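Below is one structure, written out as structure tokens; comments come after it.
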Amino acid sequence: MTNSKGESVAEAHGGHLAHHFDTAEQQFESGKLGMWIFLATEILLFGGLFCAYAVYRSSHPEIFLYAHRYLDKTLGAINTAVLICSSFTMAWAVRCAQLGRRKALVRLLAATIALAGCFLGIKYVEYEHKWKEGLLWGKRFHAKLEQPAAPVVASPVPTPSVNPEERSLIAPAAEGPKGLAKPGQRPLWETGTGGPPKNLQTFFAVYFTMTGLHGIHVIAGMVLLTLMLLRARRGEFGPAYFTPVDLAGLYWHLVDLVWIYLFPLLYLIR
Amino acid sequence: MATNDPVFGAGGLGAGQNALGGDNYLSHGHGLKSWLLTLDHKRIGVMYLVSILASFFLGGIFALLIRTKLLTPGSSALMDANTYNQMFTLHGAVMIFLFIIPGIPAALGNFVLPLMLGAKDVAFPRLNLASYYMWVAGALLALLSIATGAVDTGWTFYTPYSTTTNASVITMVAGVFVLGFSSIFTGLNFVVSIHKLRPEGMSWFRMPLFLWGLYGTAIIQIMATPVLGITLLLLIAERALGVGIFDPSLGGDPILFQHFFWFYSHPAVYIMILPAMGVISELVSVFSRKHIFGYTFIALSSIAIAVISFLVWGHHMFVAGQSNLASMIFSALTFMVAIPSAVKVFNWVATMYKGSIWLATPMLYVLSFLFLFGIGGLTGLFLGALAVDVHLHDTYFVVAHFHYVMFGGTVIAFLGGLHYWWPKMFGRMYSELWGRVGALLVFVGFNTTFFTQFVMGSHGAPRRSYHYLPEFQTYHQLSTIGSYLLGMGFLVIAVNLVHALFRGRPAPANPWGGATLEWRTSSPPPHDNFAATPVAGDPYDVEAWAFDRQLGGFVPRAGGSGS
């Protein structure tokens, strides 16, 4: 029994048990634990971006308030519904694999892949619109925005720092930062007296990196589910062995979950 | 136990303990393909070992070139300023990402972990091989970047310099990104193996401490590496697309890069040191011929270090414009890491107390570790103190501290572990005399190189500078001489170990009298690790093993429990 044959010998005995596991249950639990740990690394990968979002939104709320209006809430909501449906078909597919209902499993996997494709299609429509309008990240941002009707005189009183160490002795500037709203006051661009806030590209940098990374994960999920579909058609899964479908399902639910956070954070700011 | 033990079974003494002539994992398959496509954790461990030692050699050459350049204060001989920047960047990047992070876990850990668990393999053998090839791919990308315009940013890739320099940052950063995946896969494999493959009789608190060290390491690899991943992706996006997240002229924040980077890279130094501490825990008990002292404390301190390591990253940014309040909190948390580290050191020293210390080569490395890690750890407290750090920041003091922990700690423990497990890996003993000479040369060479840098740094000598003031010349020259001694030490070690592969005395199954499970199988182990699954007992019951003069190794003591 050579290294590579180690597993094929076990498979020849009708099972999927690798030679270094004692029982199928031990192997299943190992696979599941491994997948959960992998999902933890995925959450941390997105965590960096959520952290960047939090930093920029708290330091420049006016950018987020202003720029999020350029996102299409309807399309975002439809996409959310599409992904939630795909999670439902995925969960159903796992159940069918456990029950050994092959035909239903294949159909449900196909439905999940189709819904994922639908999500990407709608995403494409949104991206194309942004591309045409020049609502892009960092260097590429070149949108034409409405300009202020009249110059604004902002309050010269600055907001004191929360950190007592950092209170400055330098006299406050005559004009406050452009577009920054005081607490409880409507942002200047909403009253029609101020122009758009500076650095709008920051919002679109955050938007494109977050939805872009999520999109890559959707594509990876589609590839994974296609592999599952092909294996399911060959009848590899049944009540005795359904681990791969189960694990692919876990991954797909995470992809869905990330979007469920992205949608309100990016589209529903106000 | 004498009846059920496959290697030490009744009447089996002396025979069958060295498997070089018979079936073992090295002779199990032939040809290049049987190595390149292997799923055997032992072979993957050996491939990792060869690869990381090659990286270590490369990184070492860079270091010697830097030290040679620094012999004279104002000279431009040997390399120009730009090459010098590339040299120290590559020394750092190669040593950290290619050698020291995978060093103990992926090379030694891969070989030893399943054996210590009495298992046939790690939980996911294919993922293990994938992790190795990820490493190879990452290393190739790094080499490619050296060929196409070596990075000169320092190994930290700080923005905005890294987004504006014309070196091939993208290739290097992509390489490090791929290496991160390799590291995550190894960690994931180890966590699942430790959870699911422990044998009967091995509860969490009867596990060898090396496994606790690897477990703590794996937690950090899993939880911190993805954050480095996204940071590097953003850096690539910044350079390739101008995404602007770290670019102040586009409303971005370069300090955010530092936060992201150190959120990984501070825990990463514990990825480097925790497995080393695990190795020391094994060695100190075996070579003091005494049960480990304070087992539970050593085990839990590994986890404590892993947890606290996530909360201290801000101490790299005391002078980077962080708020004073944040700096104070980070400073306090930094001091807290010293507690579990000191718990370990005190327990190791207490293990040696009244033991019968055997000054074999691995034990010499343990003693080196205790001295050097002690100095390295305590100078870390100087740097964690806010006011002192303002003076010492970016001086040679930081360089010396880092090398005392990473070299004096991790590399020394790696060498100790390498000498300890070498007979198990390849079935041959090395020359004890030359092993000791090598250890001594490394100890003396290391201290000459880096202690002078502490002195120099406390006088304010800035790190990473091409020219320096003439008053620092004596220190620099001493340091360079030390680095040559260090190089000679490594030469002795390499010749000794390689010589052992061909001419060494065949190793017995248990040359050192260790009580962990890897010593219950032949040297080198068979393909399936154990002829029969061993029963786990107390991993530190070293007194149950007695030296057999005729065999040249240890056998279970007659009448002792031995299991």
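Tell me yes or no: at least one residue of segment B:147-165 is free of Cβ contacts under 8 Å to residues at least 60 places away in the same chain, buried (at least 19 other Cβ atoms within 10 Å of the Cβ) and of a type outside the set (A, V, I, L, M). So far as segment B:147-165 goes, no, none of its residues is free of Cβ contacts under 8 Å to residues at least 60 places away in the same chain, buried (at least 19 other Cβ atoms within 10 Å of the Cβ) and of a type outside the set (A, V, I, L, M).
Note on segment A:74-90: among residues that are among the polar types (S, T, N, Q) and surrounded by 14 or more Cβ atoms within 10 Å (Cβ to Cβ), the one that is nearest to residue A:125 (Cα to Cα) is A:79. Hey, any hits in segment B:42-51 for a residue that's free of Cβ contacts under 8 Å to residues at least 60 places away in the same chain, under 25 Å from the mean Cα position of the chain (by Cα) and within 14 Å of chain A (Cβ to nearest Cβ)? Within segment B:42-51, one or more residues are free of Cβ contacts under 8 Å to residues at least 60 places away in the same chain, under 25 Å from the mean Cα position of the chain (by Cα) and within 14 Å of chain A (Cβ to nearest Cβ). If I filter segment B:95-108 for residues that are away from chain A (no Cβ under 14 Å) and either in contact with an Asp or Glu (Cβ under 6 Å, 6 or more places away or on another chain) or more than 20 Å from residue B:180 (Cβ to Cβ) (or both), do I get at least one hit? There is at least one residue in segment B:95-108 that is away from chain A (no Cβ under 14 Å) and either in contact with an Asp or Glu (Cβ under 6 Å, 6 or more places away or on another chain) or more than 20 Å from residue B:180 (Cβ to Cβ) (or both). When A:39, A:33, A:71 are checked against the criterion of being surrounded by fewer than 19 Cβ atoms within 10 Å (Cβ to Cβ), touching a helix residue (DSSP H, G or I) at 6+ places or on another chain (Cβ under 6 Å) and more than 7 Å from every other protein chain (Cβ to nearest Cβ), A:39 stands alone in meeting it.
Annotation: of all residues in segment B:279-337 being hydroxyl-bearing (Ser, Thr, Tyr) and outside any helix (DSSP H, G or I), the one that is farthest from the other protein chains (Cβ to nearest Cβ) is B:288.
Identify, please: which residue in segment B:239-258 is within 8 Å of chain A (Cβ to nearest Cβ) and in a helix (DSSP H, G or I) and is, among those, farthest from residue A:135 (Cα to Cα)? My answer is B:256.
Taking the conditions exactly as written (under 30 Å from residue B:348 (Cβ atoms) and of a type in the set (Asp, Glu)), does residue B:200 satisfy them or not? Here the answer is yes, as residue B:200 does meet what is asked. Take residue B:275 and tell me if it is at pLDDT 95 or above, in a helix (DSSP H, G or I) and within 25 Å of the chain's Cα centre (by Cα). When the stated conditions are applied, residue B:275 passes them. Screening residue A:81 against (1) out of contact with any helix residue (DSSP H, G or I) (no Cβ under 8 Å at 6 or more places or on another chain); (2) facing another protein chain (nearest Cβ under 10 Å) leaves a single unmet condition, (2).
Counting the residues of segment B:452-486 that are more than 11 Å from residue B:73 (Cβ to Cβ), surrounded by fewer than 18 Cβ atoms within 10 Å (Cβ to Cβ) and not aliphatic (A, V, I, L, M) gives 6.
The sole residue among B:64, B:71 that is touching a residue at least 24 places away in the same chain (Cβ under 8 Å), assigned to a helix (DSSP H, G or I) and surrounded by fewer than 20 Cβ atoms within 10 Å (Cβ to Cβ) is B:64. Among the residues of segment B:412-430, those identified as closer than 11 Å to residue B:500 by Cβ and of a type in the set (A, V, I, L, M) are B:425, B:429. Filtered by the rule that a residue be within 14 Å of chain A (Cβ to nearest Cβ) and among the aliphatic types (A, V, I, L, M), segment B:17-37 gives B:26, B:32, B:36, B:37. The condition (being under 25 Å from the mean Cα position of the chain (by Cα) and more than 20 Å from residue B:310 (Cα to Cα)) is satisfied by just one residue among B:209, B:214: B:209. Count of segment B:455-508 residues, restricted to those that are part of a helix (DSSP H, G or I) and either in contact with a Lys or Arg (Cβ under 7 Å, 6 or more places away or on another chain) or among the basic types (Lys, Arg) (or both), is 6. The criterion of at least 2 residues that are closer than 22 Å to residue B:237 by Cβ and within 14 Å of chain A (Cβ to nearest Cβ) is met, among helices (runs of 4 or more DSSP H) falling completely within segment B:109-223, by B:161-164, B:169-196. Taken over segment A:51-63, the criterion of being more than 10 Å from every other protein chain (Cβ to nearest Cβ) and not charged (D, E, K, R) is satisfied by A:53, A:54, A:58, A:61. Before we move on, is residue B:527 out of contact with any Leu (no Cβ under 8 Å at 6 or more places or on another chain), closer than 21 Å to residue B:20 by Cβ, within 14 Å of chain A (Cβ to nearest Cβ) and in contact (Cβ under 8 Å) with a residue 40 or more places away in the chain? Yes; evaluated as a whole, the condition is true for this residue. Of the numbered criteria (1) modelled with pLDDT of 95 or more; (2) more than 14 Å from chain B (Cβ to nearest Cβ), the one residue A:155 fails is (1). Among the residues of segment B:127-136, write down those that are surrounded by fewer than 21 Cβ atoms within 10 Å (Cβ to Cβ) and closer than 20 Å to residue B:57 by Cβ. B:136 - this is the single residue of segment B:127-136 that is surrounded by fewer than 21 Cβ atoms within 10 Å (Cβ to Cβ) and closer than 20 Å to residue B:57 by Cβ. The requirement of being closer than 21 Å to residue B:245 by Cα and of a type outside the set (Lys, Arg) is fulfilled somewhere in segment A:113-127, by at least one residue. Taking the criterion of being in a helix (DSSP H, G or I) and over 30 Å from residue A:231 (Cβ atoms), would at least one residue in segment A:77-84 satisfy it? Taking every residue of segment A:77-84 in turn, at least one turns out to be in a helix (DSSP H, G or I) and over 30 Å from residue A:231 (Cβ atoms). Determine the pairs where a residue that is closer than 12 Å to residue B:267 by Cα, located within segment B:297-319, has a partner that is in a helix (DSSP H, G or I) and among the basic types (Lys, Arg) with Cβ atoms under 9 Å apart, the partner being 6 or more residues away or on another chain. Hits for this filter: B:305/B:344. From the list B:410, B:395, B:351, the lone residue that is touching a residue at least 12 places away in the same chain (Cβ under 8 Å), polar (S, T, N, Q), surrounded by 15 or more Cβ atoms within 10 Å (Cβ to Cβ) and in contact with a strand residue (DSSP E or B) (Cβ under 7 Å, 6 or more places away or on another chain) is B:395.
Could you count how many residues in segment B:389-429 are within 22 Å of the chain's Cα centre (by Cα) and either among the polar types (S, T, N, Q) or not in a helix (DSSP H, G or I) (or both)? Residues flagged as within 22 Å of the chain's Cα centre (by Cα) and either among the polar types (S, T, N, Q) or not in a helix (DSSP H, G or I) (or both) within segment B:389-429 amount to 1.
The values are calculated or read from the model by the stated rules, or taken from the named source; none is laboratory data. Nothing here was measured: the structure is a model prediction, and the numbers come from that model. No Cβ is skipped: glycine too gets one built from the backbone with ideal geometry, and neighbour counts run over all protein chains shown.
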